[in-house]
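**Q** I am attaching a structure below and will ask some questions about it afterwards.
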Amino acid sequence: MTDGAGNPAPAPGATVTVTVDGRTVEVPDGATVLDACTAAGVDTPTLCFGDTITARNVCRICVVDVAGSRALVPSCSRRAEPGMEIGTDTPRVRHARRMVLELLASSVDLSLTDHVEEWSIRYGADPDRFGPDAATVAQPVKVDNDCFVRDYSRCILCYQCTDACGEQWQHTFAIAIAGRGFGATVSTEHDVTLPDSACVYCGNCIEVCPTDALMFRTEFDLRTMGAWAPERQTRTDTICAFCGVGCTLTLHVQRGATDDEGDRIVKVTSPHGSSVTGGNLCIKGRFGAGHVHS
Amino acid sequence: MSDVRPTLVGVPVGLPVTRPRRDALLPALHEAHDAAGWLAPEVLDAIADRLGLGRAEVFGVASSYASFAFTPRSRRLRRVCTDVMCTAAGAVPPGADEPGVVASPCLGRCEQAPAVLDTEGGRAVVPVAPAPVPQPVSARTLLRRVGVVDPASLDDYRAHGGCAALAHAGRIGPAAVRAAITASGLTGRGGAAFPAGRKWEAVAAASGAPKYVVANADESEPGTFKDRVVLEHDPFAVVEAMTVAGYAVGAEVGYLYVRDEYPEAIARLEHAIAAAETAGLLGPDVAGLGVAFRIEVRRGAGAYVCGEETALFASIEGFRGEPRTKPPYPVDAGLFGRPTLVHNVETLANVLRILDPDGAAPETKLFSVSGAVDRPGCYEVPMGTTLAALLDLAGGVPVGRRLQAVLLGGAAGTFVPPGEIDVPLTVEATRAIGATVGSGAVFVCDDTTDLAAAVLGIATFFREESCGQCVPCRVGTVRQEEALHRLVHGRPLGSVAEEVQRLRDVGAAMRDASICGLGQFAWNAVEGAIDRFGVFGERS
Ligand SMILES: Cc1cc2nc3c(=O)[nH]c(=O)nc-3n(C[C@H](O)[C@H](O)[C@H](O)COP(=O)(O)O)c2cc1C
Ligand code: SF4
Ligand code: SF4
Ligand code: SF4
Ligand code: FES
């Protein structure tokens, strides 16, 4: 028996003992090196890794030093093996993490990506050192439907949206990685608009996007008007009433700036741990509620 | 053979189309592209619909290959090599006003530098060039039939010792064949020099089924053309070696993945496979041994990274040519997730040498010698021959010129200074001087070669060939090229030392943190040129 990555199935109940920066930790068989680092109390930066998608290990910010391995190892996807000696703060690791931050931040708009500032300080990243003429992925925002916008200037190519739309959740395959190298982007066929594509507006791609490249139209419009106000937002869980499946909806409600303005649902998510949804919804749950108000 | 290969575009309209295998995608893209010269949106969509694949997915796969055009282009195409070797020989990039003429990375014809390739509908339109093997037949082992046999004749192949290894393998049995490969100490010739016998034993012992044999004929490392010589001039040898490998590891299907830029080789291999089938050397009962084996040719589509074994599998399977994380290794989960034996063409040629019923001839190594020598070509020398001796064989640098450097191992290799050419061309000895044999590419630079321009050319190559999957390589190859561009044009950002430091920082991250060898080695040649040749006046 193997998992999707060809690893043998973990033995239930069995554990694996490794060292992280010299400290011995025990993790369940099948745990990743990232799990082991977390168990050892070490905070590891991750960007492309999401809790609902099989790790693609493409951003490389989570790399660690494993004794006996020439190249650094992506902790998010490598299984912990008995006796592994893991170094999370060696000069090579710090350098690689700093460079991933510098390379990404010099080419992609990370202003809405969590933790980037904190990590940039931790690893001493200075993205400006590549100069004002450094190539970027800057491009106009794609606003082609009422549900969500796609701002690929913010895209780090984590592959999570294409995996969510495709094989791993939605099986719609409306978007895929196209082109190659620095020119690679997330795209519909021939870059047609979403309404011309196979998209069913489930919004499951938005749910997994770590950079807000994919954003609810409501949030985008409010931000554009300067009216996006997280401090006035609350979250409420409810069960979707559209059909009998019983998906948990997390309604993100923004209170009006004045009493006249009223409250509005600005986005709808679903708990990633939900056994019914795994974080995924359909157009009715994701956008139906919002449309009631707009 | 060709009529059982999956081709979707050719399915007559109106016939029910059962959901075909996804690996029909790349052949279908080629068929459509060959027919029209480009891939129109509605053609791509039709292929997607017929294969039951997402239209976005098909567009994503097609657009990852440089061979395909997405705007109207003529079926008649001239590729002009603008890679390092051909640029040094005076190649000029085509202008924008030349329809049907496109620039190309190394065409694997460096002995003809500056090289061009003319095709129509994907097929070669000029006769195959004579084999570039300057050595006499008596000096060759792996290349002994090259230029001697008729590559279209199985009888002639047999008359020159062909099929003897297969017969010998049948007499001694699969386990003894594997033992012979292991005992020979043969290592892979594709670049990584991994012991072949360990792979054969691992695939034979692996539990998954079916198993596959894959011949890696993607040969795209700039400056490398040795595999092309074998493929074009001794195609039956490749078929025979793959068959022996299949017999020894228990695989019934072989894939022969040939780069798109070798149309003559593809034609000759397809002919050889058909002839071998007719003669019963391939098929349900191979040469009366009671085992089945068949071979499918797959044509690459202009992607250096598809020579990386896991990207090659992805390409065959109909996915984007992106390397996969190892482990798992191909011997456990390779093509279609099955145990797979993948070898370079030269490694396979050695299988026939080792299984020669008259005893194995001494080990040799093939080198593709190009650049500033009197007789560029493919050379076969005893293992351990020095670089200096190889250069002598090729006639040395032209009279009146001085040796400046040798780029050993292609773009992923490194520049060797004249003072170190006494190095024996073995994995260990080259490693000891910080170099690598790699793919066996030997590009000789004399005092007229612009090393800085060559380094920039290498950086451009990596930028264009990065698959784009991982950050260190996708962005790192761009930052590396940008910095080299500024340095070569004398416009450093800050001081030269700052630029060099920037290159070092990016290079170290690419080497340490990239997914595959492309990113990991993208800084090798640049680093060497800076540290050992002071190309930018910086020695540190
Ligand atoms: C970027 C990249 C390109 C490669 N290109 C080739 C190639 O064109 N031909 C080849 O035989 N091996 C190539 N390789 C090496 C293969 O991954 C693999 O190691 C080889 O095919 C195994 O065969 P061998 O054991 O006979 O060498 C490449 C590796 C990398 C990282
Ligand atoms: S909304 Fe759903 S169907 Fe549309 S692109 Fe996103 S994941 Fe795919
Ligand atoms: S759009 Fe978001 S989820 Fe999709 S690849 Fe880019 S960063 Fe990842
Ligand atoms: S190193 Fe480069 S070629 Fe290899 S997987 Fe990463 S981006 Fe692709
Ligand atoms: S988080 Fe592990 S590689 Fe991106």
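**Q** For the stretch B:277-312, which positions are β-branched (V, I, T) and within 14 Å of chain A (Cβ to nearest Cβ)?
**A** Within the stretch B:277-312, B:V305, B:T310 meet the criteria.
**Q** For the stretch A:132-150, which residues satisfy the criterion of being over 22 Å from B:V471 (Cα atoms) and either among the aromatic types (F, W, Y) or open to solvent by less than 20 Å² (accessible area, probe 1.4 Å) (or both)?
**A** Of everything in the stretch A:132-150, those that are over 22 Å from B:V471 (Cα atoms) and either among the aromatic types (F, W, Y) or open to solvent by less than 20 Å² (accessible area, probe 1.4 Å) (or both) turn out to be A:N145, A:C147, A:F148, A:V149.
Results for (1) modelled with pLDDT of 95 or more; (2) in the same structural domain as A:T269 (by TED's automatic domain parsing); (3) open to solvent by less than 20 Å² (accessible area, probe 1.4 Å); (4) among the aliphatic types (A, V, I, L, M), shown as yes or no for each residue.
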position	(1), (2), (3), (4)
A:V93	yes, no, yes, yes
A:Y152	yes, yes, yes, no
A:I175	yes, yes, yes, yes
A:G181	yes, yes, yes, no
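**Q** List the strands (runs of 3 or more DSSP E) that sit entirely inside the stretch B:72-172 and contain at least 1 residues that are of a type in the set (D, E, K, R).
**A** So the answer is B:76-81, B:116-120.
**Q** Quick one: which residue in B:G14, B:G10, B:G54 is modelled with pLDDT of 95 or more and either out of contact with any His (no Cβ under 7 Å at 6 or more places or on another chain) or not assigned by TED's automatic domain parsing to the domain that holds B:G321 (or both)? Spell out the reasoning first.
**A** Values: B:G14 fails: modelled with pLDDT of 95 or more; B:G10 fails: modelled with pLDDT of 95 or more.
From the options B:G14, B:G10, B:G54, the qualifying one is B:G54.
**Q** Restricting attention to the stretch B:354-374, which residues are out of contact with any strand residue (DSSP E or B) (no Cβ under 8 Å at 6 or more places or on another chain) and either under 23 Å from B:G90 (Cβ atoms) or among the basic types (K, R) (or both)?
**A** If the condition is that a residue be out of contact with any strand residue (DSSP E or B) (no Cβ under 8 Å at 6 or more places or on another chain) and either under 23 Å from B:G90 (Cβ atoms) or among the basic types (K, R) (or both), then B:D374 is the only one that fits.
**Q** Is it the case that some residue within the stretch A:191-210 is within 17 Å of A:G279 (Cβ to Cβ), of a type in the set (S, T, N, Q) and touching a Cys at 6+ places or on another chain (Cβ under 9 Å)?
**A** Filtering the stretch A:191-210 for residues within 17 Å of A:G279 (Cβ to Cβ) gives A:200-210.
Filter once more, keeping what is of a type in the set (S, T, N, Q): A:204.
Remaining after also requiring touching a Cys at 6+ places or on another chain (Cβ under 9 Å): A:204.
Yes, there is a match, as at least one residue in the stretch A:191-210 is within 17 Å of A:G279 (Cβ to Cβ), of a type in the set (S, T, N, Q) and touching a Cys at 6+ places or on another chain (Cβ under 9 Å).
**Q** Can I ask one more? Do any helices (runs of 4 or more DSSP H) lying entirely in the stretch B:385-491 carry at least 3 residues that are more than 14 Å from chain A (Cβ to nearest Cβ), and which ones are they?
**A** Passing ranges, in order: B:387-393, B:427-432, B:451-465.
**Q** Being at pLDDT 95 or above and open to solvent by 50 Å² or more (accessible area, probe 1.4 Å) is the filter; apply it to the stretch B:191-205 and report the residue that is farthest from B:A241 (Cα to Cα).
**A** Step one: of the stretch B:191-205, the residues at pLDDT 95 or above are B:194-205.
Among the residues that remain, those that are also open to solvent by 50 Å² or more (accessible area, probe 1.4 Å) are: B:194, B:198, B:201, B:205.
Values: B:F194: 18, B:R198: 17, B:E201: 16, B:A205: 20 Å.
Here the residue is B:A205.
**Q** Determine whether A:G166 is surrounded by fewer than 19 Cβ atoms within 10 Å (Cβ to Cβ), without any contact (Cβ under 8 Å) to a residue 60 or more places away in the chain, within 12 Å of chain B (Cβ to nearest Cβ) and not hydroxyl-bearing (S, T, Y).
**A** It is false that A:G166 is surrounded by fewer than 19 Cβ atoms within 10 Å (Cβ to Cβ), without any contact (Cβ under 8 Å) to a residue 60 or more places away in the chain, within 12 Å of chain B (Cβ to nearest Cβ) and not hydroxyl-bearing (S, T, Y).
**Q** Being touching a helix residue (DSSP H, G or I) at 6+ places or on another chain (Cβ under 6 Å), of a type in the set (A, V, I, L, M) and within 23 Å of B:E465 (Cβ to Cβ) is the filter here; which residues of the stretch A:157-183 pass it?
**A** A:A176, A:I177, A:A178
**Q** While we're on this one: What are the residues in the stretch A:83-101 that are within 11 Å of A:I61 (Cβ to Cβ) and either under 21 Å from the mean Cα position of the chain (by Cα) or more than 11 Å from chain B (Cβ to nearest Cβ) (or both), if any? Please lay out each step first, then the result.
**A** So the first thing to find is which residues in the stretch A:83-101 are within 11 Å of A:I61 (Cβ to Cβ), and the list is A:93, A:96-101.
Of everything in the stretch A:83-101, those that are within 11 Å of A:I61 (Cβ to Cβ) and either under 21 Å from the mean Cα position of the chain (by Cα) or more than 11 Å from chain B (Cβ to nearest Cβ) (or both) turn out to be A:A96, A:R97, A:R98, A:M99, A:V100, A:L101.
**Q** Among B:V535, B:V506, B:V475, which is the only one that is away from ligand 3 (no atom under 16 Å from the Cβ) and under 27 Å from A:T88 (Cα atoms)?
**A** Going through B:V535, B:V506, B:V475 in turn, the sole match is B:V506.
**Q** Also, I was wondering about something else. Using beta carbons and a limit of 6 Å, which pairs, at least six apart or on different chains, have the first residue in the stretch A:200-218 and within 14 Å of another protein chain (Cβ to nearest Cβ) and the second one away from ligand 4 (no atom under 16 Å from the Cβ)?
**A** Here the result reads A:V200/A:T172; A:C205/A:C161; A:C205/A:A164; A:C205/A:C165; A:C205/A:L214; A:T211/A:T113; A:T211/A:R154, each pair linking the stretch A:200-218 to a residue that is away from ligand 4 (no atom under 16 Å from the Cβ).
**Q** Among the residues of the stretch A:45-56, are any open to solvent by less than 10 Å² (accessible area, probe 1.4 Å), part of a loop (DSSP other than H, G, I, E, B) and either away from ligand 3 (no atom under 16 Å from the Cβ) or at positive phi (or both)?
**A** Looking for residues that are open to solvent by less than 10 Å² (accessible area, probe 1.4 Å), part of a loop (DSSP other than H, G, I, E, B) and either away from ligand 3 (no atom under 16 Å from the Cβ) or at positive phi (or both), one finds none in the stretch A:45-56, hence no.
**Q** Are any residues in the stretch B:64-93 without any contact (Cβ under 8 Å) to a residue 40 or more places away in the chain and open to solvent by less than 30 Å² (accessible area, probe 1.4 Å), and if so, which ones?
**A** B:A69, B:V80, B:C81, B:C86, B:A91
**Q** Let me ask another. Looking only at the stretch B:332-370, count every residue that is assigned to a loop (DSSP other than H, G, I, E, B) and either within 16 Å of ligand 3 (Cβ to nearest atom) or buried (at least 24 other Cβ atoms within 10 Å of the Cβ) (or both) and tell me the total.
**A** 3
**Q** Report, by residue number, each residue of the stretch B:492-516 that is open to solvent by 30 Å² or more (accessible area, probe 1.4 Å), within 11 Å of another protein chain (Cβ to nearest Cβ) and either under 30 Å from B:P328 (Cα atoms) or touching a residue at least 40 places away in the same chain (Cβ under 8 Å) (or both). Explain how you work it out, then say what you get.
**A** Of the residues in the stretch B:492-516, the ones open to solvent by 30 Å² or more (accessible area, probe 1.4 Å) are B:492-498, B:501, B:504, B:508, B:511, B:515.
Of the ones still in play, those that are also within 11 Å of another protein chain (Cβ to nearest Cβ) are B:492-494, B:498, B:501, B:504, B:508, B:511, B:515.
Hits for the stretch B:492-516 are B:A508, B:R511, B:I515.
**Q** So B:A453 fits all but one of (1) more than 20 Å from the chain's Cα centre (by Cα); (2) open to solvent by less than 40 Å² (accessible area, probe 1.4 Å); what number is the exception?
**A** Result: B:A453 fails condition (2) only.
The values are calculated or read from the model by the stated rules, or taken from the named source; none is laboratory data. For clarity, every value in this text was computed on a predicted model and none was experimentally measured. Neighbour counts are summed over all protein chains in view; Cβ atoms, including those assigned to glycine, are modelled from backbone coordinates with ideal geometry. The protein model used for the area step is the full one, side chains on, heavy atoms only, and it has no ligands, DNA or RNA in it. Shrake-Rupley method; radii C 1.70, N 1.55, O 1.52, S 1.80 Å.
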